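Quick notes on the structure that follows.
The values are calculated or read from the model by the stated rules, or taken from the named source; none is laboratory data. Nothing here was measured: the structure is a model prediction, and the numbers come from that model. Every residue, glycine as well, gets a Cβ built from its backbone with ideal geometry; the counts of neighbours run over all protein chains shown. Note: accessible area is taken over every heavy atom of the protein model, side chains too, but ligands, DNA and RNA are not part of it. Shrake-Rupley method; radii C 1.70, N 1.55, O 1.52, S 1.80 Å.
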Amino acid sequence: MTQTEHVRTFVAVDLTPEVRAAILRLKADLARVRSEVRWVRDEALHATIKFLGSVPGERLGDVRDAVARAAALVASFSARVRGLGAFPSIKRPRVLWVGIETPALGKLAKEVEGALLPLGFAAEERPFHPHVTLGRVSGQRGWRSVETILKAHWTDDFGTSPVDHVTVYRSDLRPGGAVYKILWTIGLSDSRREAIHGIG
């Protein structure tokens, strides 16, 4: 990565392999239906807490430091991953998601956003809704079958995921979809992980 390169970047919370596996089993059932839903890649199951867009390479260090300051203000917590939903609604679906039930994730998102504001990253206009994106709907073909499966699993519990760090990702857009690469993992205030680990 060069100093002049622009990097599509976001901050996220990762899920445990067990929780991911439970979500992937449902996604596999849904993906068997011929529909106009573009399901996320298996490796893309995470909870985004702040999307930064295209960031100049020379500013990534500032982003890392700001996220580290925010992470130092939040203790580790557990996130219950449960329930399904759609934005803006199940009747007009555009994004399908798995829910996350914990106020601590909202606190973490607020601290990250606040730390990034001085760097020029605008605050979100919509309220923070913690979730894991499952797929994006582009049309109605096959939707009724997808909806039937979703409603059968509407309140499924996918497990609890301990959260002791945040991850700063780069997202490279490819013809087959976005490819993610970890830039840094940053431990929360009481994490036993290395405080910051990544590319430097």
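Scan the range 99-110 for residues that are open to solvent by less than 50 Å² (accessible area, probe 1.4 Å) and either among the small types (Gly, Ala, Ser) or in contact with a Lys or Arg (Cβ under 9 Å, 6 or more places away or on another chain) (or both) and the total you get is 6. Looking at the range 143-169, which of its residues are closer than 15 Å to His46 by Cβ, in contact with a Leu (Cβ under 8 Å, 6 or more places away or on another chain) and open to solvent by 30 Å² or more (accessible area, probe 1.4 Å)? The answer is Asp164, and nothing else. When Gln140 is tested against the conditions (1) open to solvent by 30 Å² or more (accessible area, probe 1.4 Å); (2) touching a residue at least 60 places away in the same chain (Cβ under 8 Å); (3) in a strand (DSSP E or B), the lone failure is (3). Among residues of the range 102-120 that are charged (D, E, K, R), those with a beta-carbon under 6 Å from a residue that is modelled with pLDDT of 95 or more and open to solvent by 20 Å² or more (accessible area, probe 1.4 Å) at least six positions away or on a different chain give the pairs Glu111/Leu73. On the stretch given as the range 33-81, residues that are surrounded by fewer than 16 Cβ atoms within 10 Å (Cβ to Cβ), over 15 Å from Lys181 (Cα atoms), of a type outside the set (Gly, Ala, Ser) and touching a strand residue (DSSP E or B) at 6+ places or on another chain (Cβ under 6 Å) total 3.
Would you confirm, using the coordinates I've provided, whether Ala21 is more than 30 Å from Val146 (Cβ to Cβ) and at pLDDT 95 or above?
Values: more than 30 Å from Val146 (Cβ to Cβ): no; at pLDDT 95 or above: yes.
The answer is no for Ala21.
Matching residues to (1) aliphatic (A, V, I, L, M); (2) modelled with pLDDT under 95; (3) farther than 21 Å from Arg32 by Cα:
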{"residue": "Val132", "(1), (2), (3)": "yes, no, no"}
{"residue": "Val166", "(1), (2), (3)": "yes, no, yes"}
{"residue": "Leu173", "(1), (2), (3)": "yes, yes, yes"}
{"residue": "Gly176", "(1), (2), (3)": "no, yes, no"}
{"residue": "Tyr180", "(1), (2), (3)": "no, yes, yes"}
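Among the residues of the range 74-94, the one identified as part of a strand (DSSP E or B) and of a type in the set (Ser, Thr, Tyr) is Ser78. Residue-level check: of (1) out of contact with any strand residue (DSSP E or B) (no Cβ under 8 Å at 6 or more places or on another chain); (2) buried (at least 16 other Cβ atoms within 10 Å of the Cβ); (3) within 23 Å of Glu36 (Cα to Cα), Ala115 misses just (3). Residues satisfying the criterion are absent from the range 173-180 (criterion: outside any strand (DSSP E or B) and surrounded by 12 or more Cβ atoms within 10 Å (Cβ to Cβ)).
Is it fair to say Gly83 is in contact with a Ser or Thr (Cβ under 7 Å, 6 or more places away or on another chain) and at pLDDT 95 or above?
Here the answer is yes, as Gly83 does meet what is asked.
Arg38 - would you say it is within 17 Å of the chain's Cα centre (by Cα), over 19 Å from Pro162 (Cβ atoms) and in a strand (DSSP E or B)? Yes: the conditions hold for Arg38.
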